[in-house]
Structure formats: C-alpha cells, structure tokens
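What follows is a set of notes on a single structure, which appears directly below.
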Amino acid sequence: MAGYNLKKISDFKWEIVKNIDLGMRVPGIIYADRELLEIAQEEKTLDQVINVAKLPGVINASFAMPDIHYGYGFPIGGVAAMDLEDGVISPGGVGFDISCGVRILRTNLSAEDVAKKLEEIIYNLFASIPKGIGSKGRIKLSKTEMDKVFTQGINWAIKSGYGWEEDGYFTEENGCMEGANPDYVSKEALGRGNDQVGSLGSGNHFIEIQKVTEIYNTTAAHVMGLELNQAAIMIHSGSRGLGHQICGDYLKVMQRSNFSNKINLPDRQLACAPINSPEGKRYYGAMVCAINYAMVNRHCLAHWVRRSMETVFGKSDRKLDLSLIYDVSHNIAKIESHDIGGQVKKVCVHRKGATRAFGPGRSEIPPAYKEIGQPVIVPGDMGRYSYIMTGTRAAMLESFGSTCHGAGRLMSRTRARKEIDSGKLKKDLSEKKGILVLAASLGGLAEEAPQAYKDVSKVVEVTHKAGLSEKVARLEPMGVIKG
Amino acid sequence: MPDYAFIDHLSDIGIEVKAGSPAELFENAALGMFSIMYDLKDVEAKEKEEISVKGKKGTDIEELLVSWLEKLLYVFETRKVLLCKFEITGIEVVKTIKYVNAFIYGERINLSRNKFYTAVKAPTYHMLEVKRSAKAGGKWTARIIFDV
C-alpha cells in the first residue's frame, strides 16, 4: 500500500500518520526498533496495521506489538480497542484459535534433577498427552457437560477432578470469563470440540520442560517462585476445533450482515459487526464459550503433566510444587476499563497474537502479583529461549495494557518445509543443545524450526525498552513434545 | 492430475487451484487442502459418504468454497477419516442459492500407519479469490489461504 507516512516517535515507537485518504480513522502505532520495523515493512505487515485503523469505532490507534508479522486480516501482534457504543467486534481480530494461550508451572526441581530423568519425562508425557492430527482426546463430553465447560470454565474441571482449586486464581479471568452463551455455539463447533478437551493440537503448540537460565528482576521472580537453574514446564495450546469453527461460523454471519454490506472492508477477513448488534452479541457469547474451553483445555493438559511428573519422580505434584505461575491468552477480545483522555471507559480490546499485560495495582490480576504486575509469558522457538515478563503502568497508557506474545515468524511454512530437514533438525537439537524433541508429526517439525522464527530475545528486548513489559526471567528448553 | 500448488504466506499456507469447471475447481481445492495435512497417495478410498453444502441468500462463490472446505474439515475431524477423493455430483455457482453436492471417499485414520504434516484449522477469507478467465478456454482459478 503506497501513500503512508511513517514518523519516528522514539527509538522503539513509530507512527503511521493518520491518512483520511487511505480511510484511516486513527494512526497506526508500531512498537519496534528499526530492524523489526524494516522487516514489517518488507512483509507488508504495515498494510494490515493500516487496514485495522479503518475499522469503525477504533480508539487511539491500531497497535502493532514488537513481534508483529503478516497474518490474515489483522496482523499477528495486532491490538485494537473499540468503543462499545459505535465500535465493532471482529472474529478475525481474535483469530481462529480463540484464546490460544500459554501457561507455566513452576517446580522445586533443579535442571540437573530433570536432566537425569529427561528421557523418562518426555516419553511419559508423549504417551499420556493427546496430541497431533487425528488423535483422540482422553475426555469426551456430552452437550450438557460442554455447556458446563462453557459457563463454568475451569470450575467445571476442578469439580470433575482435574487440577488444583487454586489454579483458577492464577488464570486470566480467574479461569472463567463472564458472558458465555452456549446457545450461540453451532452444532458443528460442538461436534469438533466435544472430544478435544485436554488435547494439545499441533503446529506451534507444545509442552516444554525448561530451565531458568537468567533472572532480570529478583523481586518479581521471587514473588512468582522462580529462581536460577530451576525447572519449569510451559504449555501452549488453545480452543482446538471448537474455536476454529466458531470463528468460521461468525465470519460468515458478519459478512452477510447489512452492516458489512455497507462498509467497505479492505479484507474480507476483517468482517465485523457493531458490538451491540445481534450479530456482535452472538459472536461475543460464542467467543467467551471458546475462551473458557481453551482455559479448561490448558488446565487439563497441566493436570496430566502433573500426573506424568508424579510417575517419573515418585512424589506427589504438591511435593514437587508443580504450581501454576500464570495462564495468559493471546488471541482474544475483552471488555476492559481503560483511562481514555482522563476518563475511565469500558472498551472492547482485540488482541490478535498479543498478550494482556496489566500493570501493578490492577484489580484483575491476582493479589499475589498486584505489586509486581501481571505475569506475561512469551514463548520462543524450541531451540532458543522463552521469557517471563510483567505488565507495566506504561503499557496501560500506551497500548491498552497489551504486549507481545512470542517470536513472530521469519520464514513461511512452505519455505521451511523445503529448506529444513526435520530429522536433521531433531538430531541437531539433541546433539548440539541437548534438547530432546518428540513430535507426533515429524513432517511438520521443520515448520517450527528455530530458524523459521525471529529471535525472541530481540522481541523481548524491544518490548522491555518500549516499556510495554519488564523482563523477569529467561528460560531455555530441555525437552519438547509437539503434535 | 489435480491442478493445485502451494503458495507462500508467512504465517500460514495457501493454495492456488486451476480447473476446467467449477466442479473440478472445488474437487481440486479439497485435494489441495488435505495434501497440506497428509500424503493423499497413502490413503485408500474405502469408505464413501454423501454430503451437501448449501449457501444462503447472498452467498457468493467464494463463501461457497469456504463452506465446502469447512464441511470437509468437519467430517475429517469428527468422523476421524482421511479423505482422498471427491466427486461433485451437483454444483450451482451462479444463481442466488448456491450449493454443492458430492460423494467423498477415504478411510479411517490409523495412527500407527498414517503420517501427517501440518494440521489445517480453517480456510480463511484473506486473499480469497475465485475467478474465471476470459482467455484460455474459460479456465477457473482459486486462491485460498488456510490457518494452520
């Protein structure tokens, strides 16, 4: 897209100047250093940032987080807050994998404790966790039970014997977001989701045993129960076929609506409806069902991770201190209160490949973290690092309390398949880095190779310097299971 | 030989499909989508099912294509079958109410034997296009990006 004007605000913040001729209602704001910005320009990601700036009711700006990259409709790493009165809600601004997210469990094991039993841990997890294309879940639910998952979130799971009661306190929305309406979930979505609760999926989803290799903020790390050389376990998954179907269903509904026919959508994937319209309300009710389902999904996966660790170490999960540090979603739309021009107002914040990063003092974050800010989990690729950060007061003022979600891709999947040999990749990770990878689909592993992703350290550094989140700890993979 | 090719997209995977007719286009698109997930040569057409997909008033051919592919994904996921052959028995892409009827063939998933590549989550509307060329004997083409 020609004709946009880029202005430097600071070394880590750039503005696409609002251009009415391009149909922009607000400017674009990109949090990036020059190198990440240039990559975004080459990929034409800024065109997508501009397209989001055209949506009705968008407030302040169309934001791009430091891991921004080209997606479909919204860019991946895109954030947009909408006015509740005249703004829109967009399924594409949430994504097909509604509430794809990540959680991290601490342990009281050292890296050496884990290294001695790494093979056993990874093989046990591989056998126990449903994953990959075509696999069956361990839980099959009736319509009645699915409705409970939708409306009770992880409270259903805890009542059903999965996980710890206190896990809810350390999950966004306390493990159950309000506003779910099962009547708005299609039978096709139910059909896809009823045997996928507690399944990992495939692609970039994973369970990873990690070790803490650096602490940047000792106070925050101490509050979270993290220390150097400690083992931790990270789980990345989402709402599975249920979420994918809900997104597809409502993209159709919104494209057919009178509203969509009146506005000139720059990309059909941006199909939307006013938040207060019947279509908008139905999508919201269905989306929240998927969000609660995704949190239950990760909760159940964590339950089986705990069982595996108990089997390998011969001690209870409580004795191993396998407690949940936090669980975040990075494909989501939420109604939140934010300060806009000195007034507190409720808005609908879309985060597409972006994470909530609420700063210290916010009521939504657990009391344990009120002083340090909300934990932010930033998974990297399987060969390098992942990070824990905290939300900041600056993020509340800058980006509606939003931050990055991962590394962002550098190489397309088709190119990765052509250029990278999965077998060699697995061998190199093992021999050169001591990382044990077990994947249900060796064919798909090449697409997840470290070289297919940007360096997450760079993304995290820029995020930290832009003030959106603060670094707490760095972790490195020891063992990975993938679908 | 089905006529489709993978196209480069940074975060996902797309296909470009060519065909001599709308029916062939929809068949080739289905073959292209499933070839993202597994090698079609490894799957036998042991089971047969009849499906139909019907648009609503205002559905265009692009939405019909998406609905067709979504339905196939639904069958694949819920019935746990690998699909390998598609025979369209009826298709309407011009009138207001569009539809596609087909026999679809495949076999039950056997995890001890089947090898998979990348899971397809959904067809997207991003860069979605179905065209009929005025030249080259009216060849049909489609481009579709999948969320994987």
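The values are calculated or read from the model by the stated rules, or taken from the named source; none is laboratory data. As the structure is a computational prediction, the values presented were derived from the model and not from experiment. Quick reminder, even Gly has a Cβ in these numbers, built from the backbone with ideal geometry, and neighbours come from all protein chains shown.
Which residues, taken from region A:107-153, are free of Cβ contacts under 8 Å to residues at least 40 places away in the same chain, crowded, with 17+ Cβ neighbours inside 10 Å and within 14 Å of chain B (Cβ to nearest Cβ)?
Residue satisfying the conditions is A:Gly134 alone.
Among the residues of region B:77-87, is there at least one that is farther than 23 Å from B:Asp42 by Cα, hydroxyl-bearing (Ser, Thr, Tyr) and not in a strand (DSSP E or B)? So that I can check it myself, show each step before the final result.
Residues of region B:77-87 farther than 23 Å from B:Asp42 by Cα: none.
Scanning region B:77-87, I find no residue that is farther than 23 Å from B:Asp42 by Cα, hydroxyl-bearing (Ser, Thr, Tyr) and not in a strand (DSSP E or B), so the answer is no.
Are there any pairs with C-beta distances below 7 angstrom linking a residue in region B:21-40 that is within 13 Å of chain A (Cβ to nearest Cβ) to a residue that is of a type in the set (Ser, Thr, Tyr), with the two at least 6 apart or on different chains, and if so which?
Note: pairs meeting the criteria are B:Gly32/B:Tyr4; B:Ile36/B:Tyr117; B:Ile36/B:Thr118; B:Met37/B:Tyr117; B:Met37/B:Thr118; B:Tyr38/B:Tyr117.
Conditions first: (1) of a type outside the set (A, V, I, L, M, F, W, C); (2) farther than 24 Å from A:Gly137 by Cα; (3) in a helix (DSSP H, G or I). A:Glu310 passes all but one, so which condition is the exception?
Answer for A:Glu310: the failing condition is (2).
If I go through region A:365-389 residue by residue, how many of them are assigned to a loop (DSSP other than H, G, I, E, B), out of contact with any Leu (no Cβ under 8 Å at 6 or more places or on another chain) and in contact (Cβ under 8 Å) with a residue 12 or more places away in the chain?
Within region A:365-389, the subset assigned to a loop (DSSP other than H, G, I, E, B) is A:365-366, A:370-374, A:379-385.
Checking which are out of contact with any Leu (no Cβ under 8 Å at 6 or more places or on another chain) leaves us with A:365-366, A:370-374, A:379-381, A:384.
With in contact (Cβ under 8 Å) with a residue 12 or more places away in the chain added as a condition, the list becomes A:365-366, A:371-374, A:379-381, A:384.
The qualifying residues number 10.
From (1) under 23 Å from A:Tyr250 (Cα atoms); (2) surrounded by fewer than 22 Cβ atoms within 10 Å (Cβ to Cβ); (3) within 12 Å of chain A (Cβ to nearest Cβ), pick out the condition that doesn't hold for B:Ile97.
The failed condition is (3).
Residues of region B:113-135 being more than 7 Å from chain A (Cβ to nearest Cβ), without any contact (Cβ under 8 Å) to a residue 40 or more places away in the chain and touching a Gly at 6+ places or on another chain (Cβ under 9 Å), which ones?
B:Arg132
Given the structure, is A:Leu55 farther than 21 Å from A:His464 by Cα, away from every other protein chain (no Cβ under 14 Å) and more than 25 Å from the chain's Cα centre (by Cα)? Lay out the reasoning, then the answer.
On the way: farther than 21 Å from A:His464 by Cα: yes; away from every other protein chain (no Cβ under 14 Å): yes; more than 25 Å from the chain's Cα centre (by Cα): no.
So A:Leu55 does not fit the description; no.
Just one of the numbered conditions (1) more than 11 Å from chain B (Cβ to nearest Cβ); (2) not in a loop (DSSP other than H, G, I, E, B) is not true of A:Ala407; which one?
(2)
Which is closer than 24 Å to A:His303 by Cα and buried (at least 16 other Cβ atoms within 10 Å of the Cβ), of A:His330, A:His338? Steps first, answer last, please.
Details: A:His338 fails: closer than 24 Å to A:His303 by Cα.
From the options A:His330, A:His338, the qualifying one is A:His330.
Checking B:Ala5 against (1) touching a Leu at 6+ places or on another chain (Cβ under 8 Å); (2) within 12 Å of chain A (Cβ to nearest Cβ), which single condition isn't satisfied?
(1)
Can you tell me how many residues within region B:1-51 are in a strand (DSSP E or B) and within 17 Å of B:Gly106 (Cβ to Cβ)?
Total meeting the criteria: 6.
I'm trying to understand the selection: among the residues of region A:410-451, which are more than 14 Å from chain B (Cβ to nearest Cβ) and touching a Ser or Thr at 6+ places or on another chain (Cβ under 8 Å)?
Scanning region A:410-451 gives A:Leu436, A:Val437.
Of all residues in region A:452-469, count the ones that are more than 14 Å from chain B (Cβ to nearest Cβ) and either surrounded by 24 or more Cβ atoms within 10 Å (Cβ to Cβ) or of a type in the set (Lys, Arg) (or both). Even if it seems obvious, please write down each step before you answer.
Start the filter on region A:452-469 by keeping residues that are more than 14 Å from chain B (Cβ to nearest Cβ), which leaves A:455-469.
From what is left, the residues that are either surrounded by 24 or more Cβ atoms within 10 Å (Cβ to Cβ) or of a type in the set (Lys, Arg) (or both) are A:456, A:458-460, A:463, A:465-466, A:468-469.
Count: 9.
Please determine whether any residue of region A:260-272 is more than 14 Å from chain B (Cβ to nearest Cβ), farther than 24 Å from A:Ala473 by Cβ and at pLDDT 95 or above. So that I can check it myself, show each step before the final result.
Keep residues of region A:260-272 that are more than 14 Å from chain B (Cβ to nearest Cβ), which gives A:263-264.
Keeping just the survivors that are farther than 24 Å from A:Ala473 by Cβ gives A:263-264.
Keeping just the survivors that are at pLDDT 95 or above gives none.
Within region A:260-272, none of the residues are more than 14 Å from chain B (Cβ to nearest Cβ), farther than 24 Å from A:Ala473 by Cβ and at pLDDT 95 or above.
For A:Ser99, are the conditions met, namely being under 20 Å from the mean Cα position of the chain (by Cα), surrounded by 17 or more Cβ atoms within 10 Å (Cβ to Cβ), under 29 Å from B:Phe76 (Cβ atoms) and within 14 Å of chain B (Cβ to nearest Cβ)?
Details: under 20 Å from the mean Cα position of the chain (by Cα): yes; surrounded by 17 or more Cβ atoms within 10 Å (Cβ to Cβ): yes; under 29 Å from B:Phe76 (Cβ atoms): yes; within 14 Å of chain B (Cβ to nearest Cβ): yes.
Yes.
Test B:Ile88 against the stated conditions and say whether it is in contact with a helix residue (DSSP H, G or I) (Cβ under 7 Å, 6 or more places away or on another chain) and away from every other protein chain (no Cβ under 14 Å). Show your work before the answer.
On the way: in contact with a helix residue (DSSP H, G or I) (Cβ under 7 Å, 6 or more places away or on another chain): yes; away from every other protein chain (no Cβ under 14 Å): yes.
Yes, satisfied.
Which of the helices (runs of 4 or more DSSP H) found entirely inside region A:110-188 contain at least 3 residues meeting this: β-branched (Val, Ile, Thr)?
A:143-152
Just to be sure I understand the filter: pairs with C-beta atoms under 6 Å, separated by 6 or more residues or on different chains, first member in region A:427-438 and surrounded by 15 or more Cβ atoms within 10 Å (Cβ to Cβ), second member outside any helix (DSSP H, G or I) and not β-branched (Val, Ile, Thr). Which pairs pass?
As it stands, the answer is A:Leu429/A:Gly383; A:Ile435/A:Pro477; A:Leu436/A:Gly479, since those pairs meet every condition given.
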